[in-house]
Amino acid sequence: MAKTCFDDPGFLAALREMHALGLQVTATAHTGSIPFDVLAGRLRLRWYLVPPRPRAVRVAALALIQPLRAGPRMFKRVATGAARLGVPHPWRRARVYASGVNRIAEVFGPGTTHAAFLTGTAGPHRKLTVQFMDARGDIRGYAKVAGTPTTQALLANEAAMLDELHAVGLHAALLPNLLLREQRRDATVLAMDTLRTPRSTCHTRLQAAHLAFLDELAARTASARVPDGAALLHRLRVKTHALPASLPADWRVRLERSLQALATAPGLIAPRGLAHGDFTPGNTFRYRERLCVFDWEYAGHDYPADYDLIRFLFALQSLRRGDAVARCRAVESLLIRDLQRPPRAALARITAYLCVQALLLAGRQPEHHGQALTWEGAPALARMLDASSAREPSLA
């Protein structure tokens with residue numbers, strides 16, 4: 001039987017987070033309720049709750065969906081056209097009904113009368129995202145709602161990072177302003193403004209604006225808090241040793257081997273400053289001539305040099321067909337040829353990036369008794385690290 005939204009624990013958890021905002025959501029209409037169409041995301045790992053009317057709001061709600069691949073982008077254009085014409089959503093999977101007063105709406109000023117919801121991608125870092133709109137479909141801002149200690153810690157980090165960055169005063173990019181941070185029932189809520197419009201899109205090319213932002217971010221946040229290469233490697237080793245015993249032995253050997261190779265030239269990966277941590281096309285958009293960067297949950301100082309840049313390049317390479325190792329070599333080539341990174345530094349920073357990715361993904365997986373620890377994309381990541389390890393002696 002096909003999985004429905006009500007069979008998904010993440011969807012049900014998102015409904016509880018909506019309840020923390022003052023909303024009651026049911027599968028059938030009830031007194032005072034309004035309908036929401038439930039749209040399925042990729043592999044039904046996430047869900048969107050969008051109002052079917054008024055029409056301008058229905059169109060604006062689709063701004064929550066920011067696909068990168070050509071096929072899904074075309075499908076969104078079709079869905080947006082259908083919404084403008086009042087045609088039912090082509091991927092609607094259910095309808096739910098919500099009532100109550102969304103108490104966060106008042107943060108965005110009078111006239112903020114509508115909202116759409118993204119349940120978040122299934123996993124331990126899943127959280128609810130709410131897009132607030134007025135009756136004309138203008139986007140007023142966003143709220144994130146976290147119902148677990150892990151996700152609450154992520155929101156606390158995002159709030160701290162935004163405070164730090166606004167104090168620094170970046171010029172190359174626009175950041176959201178934090179309007180509210182509070183605890184509601186058993187959930188943490190962050191509310192932020194936005195410059196996004198229903199027509200805003202993420203760019204699937206690395207542009208000068210991205211590079212200018214990354215350069216300024218590193219330069220303006222360099223401080224005594226930023227570890228050197230040796231200190232960063234020590235912290236990565238501590239994380240490796242802290243992984244559960246269910247991590248397959250080949251993965252432990254792979255990580256230890258790569259970290260040992262990086263230790264021969266730790267200066268090549270020394271962090272330059274604060275890193276965004278999830279710098280991808282989906283977390284940026286252009287407003288007039290400036291770059292807007294949001295979702296700072298994973299930001300911190302414990303990332304190797306060029307981590308954000310490599311993260312962005314890998315995200316672009318993932319849109320193309322090809323073997324994982326070939327994509328990795330393509331990123332390395334871009335770093336050397338187009339971005340003038342020395343070959344030894346490019347190889348070291350990609351290796352460090354892959355290690356950090358493995359540690360992040362492995363560290364967030366729930367442990368199942370008697371089962372080897374694994375995660376989505378682990379085989380591809382292993383192949384890339386193994387291919388890099390064959391060339392790591394060149395770091396010495």
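The values are calculated or read from the model by the stated rules, or taken from the named source; none is laboratory data. As the structure is a prediction and not an experimental result, all values here were calculated from the model. Cβ: placed from backbone, ideal geometry, glycine included. Neighbour counts: every protein chain shown.
Worth pointing out:
- Residues in the stretch 85-122 that are part of a helix (DSSP H, G or I) and modelled with pLDDT under 90: 1 in all.
- Scanning the stretch 28-65 for residues that are buried (at least 18 other Cβ atoms within 10 Å of the Cβ), within 14 Å of residue 121 (Cα to Cα) and not small (Gly, Ala, Ser) yields 39, 46, 47, 48, 49, 64, 65.
- Residue check: residue 36 meets all listed conditions (1) at pLDDT 90 or above; (2) part of a helix (DSSP H, G or I) but one, namely (2).
- Answer from 365, 357, 317 - the residue that is over 20 Å from residue 280 (Cβ atoms) and polar (S, T, N, Q): 365
- Matching option when the condition is assigned by TED's automatic domain parsing to the domain that holds residue 335, within 29 Å of residue 340 (Cα to Cα) and in contact with a helix residue (DSSP H, G or I) (Cβ under 8 Å, 6 or more places away or on another chain), among 243, 247, 214: 214
- Counted residues, the stretch 183-212 - those being among the charged types (D, E, K, R), modelled with pLDDT of 95 or more and surrounded by fewer than 19 Cβ atoms within 10 Å (Cβ to Cβ): 1
- Subset of the stretch 312-366 (residues that are hydroxyl-bearing (Ser, Thr, Tyr) and surrounded by 18 or more Cβ atoms within 10 Å (Cβ to Cβ)): 351, 353
- Within the stretch 81-106, the set of residues being within 24 Å of the chain's Cα centre (by Cα) and either without any contact (Cβ under 8 Å) to a residue 40 or more places away in the chain or surrounded by 18 or more Cβ atoms within 10 Å (Cβ to Cβ) (or both) comprises 104, 105.
- So residue 48, is it in a strand (DSSP E or B) and closer than 30 Å to residue 178 by Cβ: yes
- If you filter the stretch 114-173 down to residues that are more than 23 Å from residue 214 (Cα to Cα) and among the polar types (S, T, N, Q), you find that the one that is surrounded by the fewest Cβ atoms within 10 Å (Cβ to Cβ) is 150.
- Scan of the stretch 330-364 for residues that are part of a helix (DSSP H, G or I), in contact (Cβ under 8 Å) with a residue 12 or more places away in the chain and of a type in the set (D, E, K, R), ordered by number: 332, 344, 349
- Tally, over the stretch 263-279, of residues that are buried (at least 23 other Cβ atoms within 10 Å of the Cβ) and touching a residue at least 60 places away in the same chain (Cβ under 8 Å): 3
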